[in-house]
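The values are calculated or read from the model by the stated rules, or taken from the named source; none is laboratory data. Just so it is clear, the structure is predicted and the values come from calculations on it, not from any experiment. Cβ: placed from backbone, ideal geometry, glycine included. Neighbour counts: every protein chain shown.
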Amino acid sequence: MGIVPRLGTGVPFTARSIELAQLRAALDRARGGAATAVVVSGDAGVGKSRLLTEFTAAAGGAHVLLGRCLSVGEAGLPYLPFKELVEQLRRIRPDLVDARPALSGLIGRSAATASPSGAENELGQLQLFDAMFTVLAELSDDAPVVLAIEDLHWSDASSRDLLSFLVSRLAGQRLLVVATYRSDDLHRQHPLRPLLAELVRLPAVERLDLAPFGPADALAFVEALADGGIDADLLAGVAARSEGNAFFAEELVAASATGPAGGIPTALADVLLSRVETLSPAAQRVVGAISVTGRRHVRHAAVRDVLDLPDAELDGALREALQHHILVTDDEGGYTFRHALLREAVYADLLPGERVRLHAAYARRIVELRQDELAGALAFHSLRSNDLPTALAASVKAADDAMRVGALAAELRHVEQALELWPAVADPAAHAGVDELALTRKAAYVAGAAGHPERALSYAQAAQRLADAGADAETRADVRHQVTESALAVGRWGEAERAITEAWELLADAPPSKVRSWVLAIRARAFAVSAEVGREYAEQAIEDARASGTMSAEADALISLAFRDLRAGAIEDACALFEEARRKAIESRAPNVELRARFNLITTRYEQGLLDEAAAVADAAAARAVELGLIWSPYGLEVRWLRAMVHYARGSWDDALEAASPPGEQVSDTITALLAASAAIIKVSRGRFDEAQRDLVRIRPEWHRDGQIAQLAGIAGIELAGWQGRHDDAVRHADEAIAAMRKNDDDRWPLGAIRLAVLALASLADVARQARVQHDTEAEAAAVVEGRRFAELARMTAQKGIPRSDRLGPEGVAWLARLDAEESRLHGSADARPWRAVVEAFGYGERFHVAMARWRLGEALIEAGDRDAAAVELAAALETAAELGARPLADAVRDLARRARVALPGTVLPTAGLLTPRELSVLELVARGYTNRKVGEELFISEKTVSVHLSRVMTKLGAASRTEAVSVAHQRGLLTDPTNDHVK
């Protein structure tokens, strides 16, 4: 049995070509004088360090400086990674460091000075920051500099400040900064979050999210790790259980190779415990006690108090665990497991009685410490030691603590735990200090704000049942208002209308009040699709809100009232109301109303075709959602995905991908699917087909959650299938997406179906054209019939669908123009006028679709014989495609130009020396199995001309037949993609 290599010791680098290319591209920009920073994130063990190692090893000609942050407690060691960097700088250019006392002092090479304070301390810090930046800039004059900092999640405040200073001043230096951090370590209160939020807004900073390996890559990785040391039939199981995490795979493979008979353990815990079991009983007892805390770091005093061991015995046990790399320590007297999986495995291996006793001991210690900030820990230990009353009280307290710091995920976790404990505790309200209804309503609100809209609705419905059991009329109405908001967030309009109607019936005869005003405001929102009813309800809500002084409800009602102006065509009046609502929401501290106002303003400007203005509003709204801590709230999410769509439309695709990036935290599947669908459209347009296909397969089961998911995924799926020539799949995707959007209601005509239908029609036009080339009249007729079906569907949708304003906006008009053009292409017309109309229609700012139309316009002009005009259109299309990174479109434009012998700027028509470019083009198509007639139709020349070219080719190659000519050309390297077996 072979020895299994450890990571970084000869294991081939696996499946990170895209990420490595991104880093290399960043370094290339830095070489050219465009300083850049890349922030690399990923789960623990996913391979961030290995990626960085591979990149820096290949950074030829660059100075590489590497600093590491260590887990040394919350305060950390000031400037620890930068001390390492200065030591390396001194070895490279000692003159630069020695000339700057601030840097020399950082590594203890200058005379000690008294510790400054106040202004002197700030001045000293500024001198250090300036010295570090200046040295790096000067060093980059010699050669490009790569400054890498690992494990930023463990960084101290001083190091974060210095890093922020450096990155914010990146400009013309030949400097690349790369920083890595664990995304799974970043809870909402993590001190690194503010820095990341600051960095990602800087123009010089880009993100690189390192995801786990996919199934195929995970298998390749474990095969490389095993290096023949494990039976092949076991590798698939190891790869699957590693879940794409490099560390998991390493541990599984290592245990499989060194364990009994080289077998695979039945659970990952067995692998991890194989090391723990080598410890002495005392050390195992200490490790078990530390595992019970559920925390990353445990103080020495806590372990001592809980176990009540003599100091000498405790020290010996800890030293043994450290030496075996089970634990690591920090200078503050704390201990943590080398990996979280080790802690989980050790904890699971404890006997039930051991766990209960240890949890109870920790709980007693927390109570004795009398520290309010430990409420979450007290709840954790009390629950697991079966002290349910204490656990309930501590959970409610921990939820309040989390609320004060804006930690929504933690708040939700504690509230849910309290609700789970509620029926198991006698007189729970006395212990919790709050009644069950209030706690359940809180859970509903927090779940919605934290990105779990389905759970929010479930909690709101539970609260309604509790309220109906004995609450007064106003409370029952207020709870129904909450149910309505939650139902609207998940698109359950019927349920929302029923709930808010019941709420109004409870308060119809009551005087104006805050609750009544909000019931009216939400009623206006729920019935906003009905113009007259929505307007009436909104006006009533505004009147009631002003009478009761409820400005937040007034702001919400103003948004609903604005739809009256939209439908009347008074768009600027509507936008003025959105702005007024936003101001009133800010003044009344109603963040969700504020985001609703911003979202509707973005939508309106987008629908007007004012893409630059829409993008500016969207960027500001997204930043505001982050500031409010509501990025995953219903309207926080709406702002986020709409921002992605606006930037996609205007051609700022990098910004669009950033907006549609994965959540990075646990949220509803609806949110994850919506963002993935948004990103898939961009990935398809950029030719990242494999990624897009994986995403589309993954989110297909989520279409039922939101019609927007079905629409966006449908767009991506149709375009992907179209580029790949899978036209039957394109049609199927269109039908499925439209059906999902209509949700079995044939009376619904969602306007998004227009685009889906036109895209399907475009794919069918390709089928019809190919059938005409092959003289397959039956296939052509079938494609035409299907195409007409989609054309009729698109026109019917435009006629019966209800836009937000009084008419279709520029985007809808543009898609109808493309409908006419694709229908013309479906029937074989070479008329260029419909495509000129498409270019003009999308000219309000949709750069990609303008370029697509220019490509088709160029094709029509070529067929009409106007090659000069075609060259202009194709050159413009290619330029836009290159700027956007739209590889499939760029390839299609180049292919058309090559086949039609149209020269484009920056391209060279193919030549093979012996053969002319036209002869080579003919031979390439013959190699694909084309007949002379089909070759002529493809190259826009006559069948007779094809025969002449073939005769010349056979003469030049000394071939007696078409087949022999292809074979000889292949042998001489003249054909890049021969398919001899298809030659006829």
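Of the residues that sit in segment 891-903 and are in contact with a Leu (Cβ under 6 Å, 6 or more places away or on another chain) and under 26 Å from Ile682 (Cα atoms), which one is modelled with the highest pLDDT? Checked segment 891-903; the qualifying residue modelled with the highest pLDDT is Val893. On the basis of being touching a Lys or Arg at 6+ places or on another chain (Cβ under 6 Å) and buried (at least 17 other Cβ atoms within 10 Å of the Cβ), does Glu736 make the cut? When the stated conditions are applied, Glu736 does not pass them. Taking the residues in segment 297-306 that are in contact (Cβ under 8 Å) with a residue 40 or more places away in the chain and assigned to a helix (DSSP H, G or I) as candidates, determine which candidate is surrounded by the fewest Cβ atoms within 10 Å (Cβ to Cβ). It comes out as Asp305. Restricting attention to segment 492-536, the residues that are at pLDDT below 90 and touching a Gly at 6+ places or on another chain (Cβ under 7 Å) add up to 2.
For beta carbons closer than 6 Å, sequence separation of 6+ or different chains, a first residue in segment 184-213 that is within 20 Å of Val405 (Cβ to Cβ) and of a type in the set (D, E, K, R) and a second that is modelled with pLDDT of 85 or more and not in a strand (DSSP E or B), the qualifying pairs are Asp185/His153; Arg188/Ala409.
Pairs, please: C-beta under 8 Å, at least 6 apart or cross-chain, first residue of a type in the set (Asp, Glu) and in segment 747-766, second part of a loop (DSSP other than H, G, I, E, B) and surrounded by fewer than 24 Cβ atoms within 10 Å (Cβ to Cβ)? Once the first residue is of a type in the set (Asp, Glu) and sits in segment 747-766, its partners that are part of a loop (DSSP other than H, G, I, E, B) and surrounded by fewer than 24 Cβ atoms within 10 Å (Cβ to Cβ) give Asp766/Gly725. Considering segment 613-630, and only residues there that are closer than 14 Å to Arg650 by Cα and under 19 Å from the mean Cα position of the chain (by Cα), the residue that is surrounded by the most Cβ atoms within 10 Å (Cβ to Cβ) turns out to be Ala618. Here segment 817-844 is the region considered, the condition is being in contact (Cβ under 8 Å) with a residue 60 or more places away in the chain and surrounded by fewer than 21 Cβ atoms within 10 Å (Cβ to Cβ), and the residue that is nearest to Ala757 (Cα to Cα) is Gly828. Screening segment 645-759 for helices (runs of 4 or more DSSP H) wholly inside it with 2 or more residues that are of a type in the set (Lys, Arg) and not assigned by TED's automatic domain parsing to the domain that holds Ala204 returns the ranges 689-699, 727-742. Checked against the criterion of being closer than 29 Å to Leu808 by Cα, in the same structural domain as Phe599 (by TED's automatic domain parsing) and of a type in the set (S, T, N, Q), the candidates Ser560, Ser548 yield just one match: Ser560. In segment 582-600, what residues are among the small types (Gly, Ala, Ser) and surrounded by 24 or more Cβ atoms within 10 Å (Cβ to Cβ)? Ala585, Ala597 - these are the residues of segment 582-600 that are among the small types (Gly, Ala, Ser) and surrounded by 24 or more Cβ atoms within 10 Å (Cβ to Cβ).
Between Ala409, Ala377, Ala391, the distinction of being modelled with pLDDT under 90 and either of a type in the set (Val, Ile, Thr) or under 18 Å from Thr293 (Cβ atoms) (or both) belongs to Ala377 only.
Pairing each residue of segment 615-644 that is free of Cβ contacts under 8 Å to residues at least 40 places away in the same chain and on the phi < 0 side of the Ramachandran plot with any residue that is among the β-branched types (Val, Ile, Thr) and part of a loop (DSSP other than H, G, I, E, B), provided the two are 6+ apart or on different chains, yields C-beta distances under 6 Å for Ala625/Ile631.
Does Ala581 fit the bill of being more than 29 Å from the chain's Cα centre (by Cα) and touching a residue at least 40 places away in the same chain (Cβ under 8 Å)? The answer is no for Ala581.
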